[in-house]
1. Which ³J(HN,Hα) values in Hz, rounded to whole numbers, follow from the phi angles of segment 93-106 under the Karplus curve 6.51 cos²θ - 1.76 cosθ + 1.60, where θ = phi - 60° and Gly and Pro get x?
2. At Asp69 and Asn107, where each label point lies 7 Å from the Cα along Cα→Cβ, what is the point-to-point distance in nanometres?
3. Quick query: amide H of Trp14 versus all other amide H atoms, modeled in the peptide plane; which residues come in under 5 Å with a sequence gap of 5 or more or a different chain?
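The numbers here are math on the coordinates, done by the rules we state, and not lab data. None of the values given here were measured: they were computed from a predicted structure. Here the Cβ positions follow ideal geometry from the backbone for every residue, glycine too, while neighbour counts run over all protein chains shown.
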Amino acid sequence: MDDTEKIELSDGAWWTIKTMVTRGMRKAFRKAGLAGFIGGIEKGVDIDFTNQDSLRKAVLAHPEAWDLDAIDDAYLLTGSVSYSFGDKIDLAIIDGLDDKYVEPVLNRMRELYAEMAEERRQGFSGKP
C-alpha cells in the first residue's frame with residue numbers, strides 16, 4: 001500500500017506528501033496546536049492546565065503569543081516527503097514560496113490529517 005501522494009502544482013512544480021498519519025506526526029500536531037496558543041506566554045504566568053477556564057483565560061489574555069501557523073508548519077514539516085523546490089524540507093524554503101504552491105498542499109494535508117485524527121478519536125472512544 002502506497003502511503004504517499006504526489007500533488008501536481010502549477011508551472012510543473014510538484015510536492016509529495018504522506019497520506020497516513022504516524023504516531024510521531026500526531027504528537028507533532030498536538031504539540032504544535034498547544035504551542036500555537038500558549039507557546040509564547042511568559043513562563044511566569046500561572047496557568048492551571050487541568051482547568052479549562054484558567055487555560056482559556058490565559059490564552060485569550062495573550063493574543064500576541066499565538067502562532068496561528070504552528071499546526072500548518074507541523075503538517076508541512078512532518079507530512080512532506082519531497083518537492084520540486086530542493087532536496088531539503090525546510091520552513092525557510094517553504095515560507096519563501098508563493099502561496100499558489102503551498103496552499104494546495106496545505107489544503108490536502110488538512111483534509112487528510114484532520115479526517116484521520118477524527119477517525120482515530122472515534123476508534124479509540126468506541127464510537128461507530
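1. For segment 93-106, the Karplus-derived couplings read 5, 4, 5, x, 7, 5, 4, 5, 8, 7, 4, x, 5, 4 Hz, x marking Gly and Pro.
2. 1.9 nm
3. When sequence neighbours closer than 5 places are left aside, the close amide H contacts are Leu9, Ser84.
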